[in-house]
Amino acid sequence: MERLRMTSPDLTQANIDKIAELFPSVVTESSDVDGNPARAVDFDLLRQELSDHIVEGPQERYRLDWPGKRAAAFTANAPIAKTLRPVREESVDFDNTKNLFIEGDNLDALKLLQESYLGKVKLIYIDPPYNTGNDFVYEDDFAESNVDYLERSGQTLASGERLVANPESNGRFHSDWLSMMYPRLRLARNLLSSDGFIFISIDEGEQAALRHICDEVFGTPNYVTTIMWRRKRETSNDSKNVAIQGEYILVYARSAEGALALEPLAEDYVAASYRDPTSEFPEGRWRGVPITVSKGLKGGGYDYSVVTPSGDEISRTWAYPRESFERLASSGRLYWGANGAGVPQRVMYAHESQGQPTTNYWDATGSNKEGKKVILDLFGEAVFDTVKPVSLLQRIIGLASVKDSIVMDFFAGSATTAHAVLAANAIDGGTRRFIVVQLDEVVSQDSTAAQNGYGVVSEISRERIRRAGVKLKSDAGVLQDRIDVGFRALRVDTTNLADTSITADELVQTALLDVVGSVKPDRTGEDLLFQVLLDWGLELTMPIKKETIDGFEVYDVEEGTLILCTRPREARSLSLSLSGCRGHRGASAASCRVPRRRLCGRRGAHQRRAGVQ
């Protein structure tokens, strides 16, 4: 029996719950006055979350620690003076698509997307560098020198004198990798919807460390499982003692609201668990499900006797009241055993099943060899060495998304995630959207990619999506016109605004014109528009209409949600004005004759008024 609480509510624990929701990484384990384990707030880490500089403060606690962790936490929160610039020439169906391909550092991209896609992403899948030192797509050897590691981890003085008897020699291979992953995972968590999931592929080398930082970032209660995926069918001699055939996929939910979908019954499971159709049950493969329980359910009415077809009487505690039992019997959905004298079971047909939960071992979900074959089919050459199969990503998409979800991958690599989203939509007519991010990593000069004319990885990634889209369109049949196989290409770049913080003493006559405007001279009106979309937290795939009125460029975003007017290019610096009811800052109502109704008469236009000059 639960004892009554004889006190007012424990507000401390309630406050810890609230802090845990906002900052799960600051909640750790401690001991209460009796020495029992208890939840507590790590105030040093909380101070770091609320500070704009790196906070020091050692304290014993249960957590994964490494040299550079505080700096990594600071990196996650630090602002950047960057933006996303549209690249129409690299895009496909720029004006109509809902998909995004972002080229640049994914840490920058994640920061820039924080407002526009906060809590909107249903599924994140990433296949980060495995810290092996020989991966093709990324420079992923994060090992630092012994000297650098020992000094940064506090194991030596600046003079080189040892401070710790036994240095953590293996740690130097992990610290930088953890510092790379930690801020990206923290920012990714913000983008997940309350019922969202993140799936992370990893090998044995960093699986344990990744599990620790994910527990910290997403919260231990939100750990779902670790899937072992069999990536190779054959057994090869690629290890001294053990042939490696599998990889791990860590799965975390954003919150308790998340629930993975059921999967269709596997053919081998149906064959082993369901009987062949019979004259008595001809509708398909079937099985009997017990309908007795160990004791009566609350409410009564479930303890009664039934008469079998053979005339015997059976008394049991049943899972159904008598009325429901009789309906099952009259509809022919009870199995009474081979001789009609057994305890009745409910008949369930395989085709009626809603599915079964997934398992933590995926044996028949494609392989890296199949992923490479897809690249060969699309390009004719192996422009990527290690490629995840589309079938693996399709299975993940089926488990953790619905037909209109946003799916994200910020280690896009060969763009398998984008390909899988398009393929899933081609199968079920869904409108899933992808956001993928890939660094413009220079390919090795002796690689197959370089020999085929590709200079950076992101270039190959975009081309893979283009070719996959063309193939899916041709194979789509009746869904051909409904599938969005395009993408808006964006590039991480410095802010569009020029640095005008020059003092009067530093100004010279010849440089005066260069500091009059606040917009960089090489930036277009569309560049400015996308920075405004980011600043206002609007999605970057909103439809855009452009008109030229009296020499002014006017951008209308989603029928008046936002209207931007820019001065002509010959004015040396771009001035912009955003929709408002009192003219424009930077271009007066008299000088810019954009009709007033276009600025004020549409949904939401009067609610936004801002500008730069």
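Derivation of every value follows stated rules applied to the coordinates shown; laboratory data play no part. Treat the numbers as computed from the prediction; the structure is a model and nothing was measured. All Cβ positions, even for glycine, are placed from backbone atoms using ideal geometry, and neighbour counts span all protein chains on display.
Full extension of the segment from Ala364 to Thr431, taken as 0.36 nm per residue of separation minus the current Cα-Cα distance, would add 21.4 nm. If the chain linking Ala272 and Glu352 were pulled fully straight, counting 0.36 nm for each residue of separation and taking away their Cα-Cα distance, it would gain 27.1 nm.
For region 183-292, GluC sites (Glu not before Pro) meeting the loop criterion (DSSP other than H, G, I, E, B) and having at most 13 other Cβ atoms within 10 Å: Glu234, Glu257, Glu280, Glu283. Stretching the chain fully between Asp481 and Thr226 yields a gain of 87.9 nm (0.36 nm per residue, less the alpha carbon separation). Directionally averaged projected area (region 267-352, Cα convex hull): 6.3 nm². Are any of the pairs Lys403/Lys473; Lys403/Lys545; Lys373/Lys471; Lys120/Lys403 more than 22 Å apart by Cα-Cα distance, and if so, which? Pairs exceeding the cut-off: Lys403/Lys545. Projected label points at Tyr320 and Glu381, each 7 Å from Cα along the beta carbon direction, are separated by 6.6 nanometres.
FRET efficiency for the pair Trp536 and Ser294, taken as 1/(1 + (r/R0)^6) with r the Cβ-Cβ distance and R0 = 45 Å, rounds to 0.15. The mean sequence distance of close C-alpha pairs (under 8 Å, at least 6 residues apart), as a share of the length of region 267-352, puts its relative contact order at 33 percent.
So which lysines pass the test for Lys82, namely a Cα distance under 17 Å, with those fewer than 8 places away in the same chain ruled out? Result set, ordered by chain and number: Lys111, Lys520. Panel order for Glu313, Glu539, by other beta carbons found within 10 Å of each beta carbon, from fewest to most: Glu313, Glu539. Close amide-amide hydrogen proximity is noted between Ala489 and Val87, Ser91, Val92, Phe101, each under 5 Å apart and 5 or more residues distant or on a separate chain (H modeled in the peptide plane; Pro and chain starts excluded).
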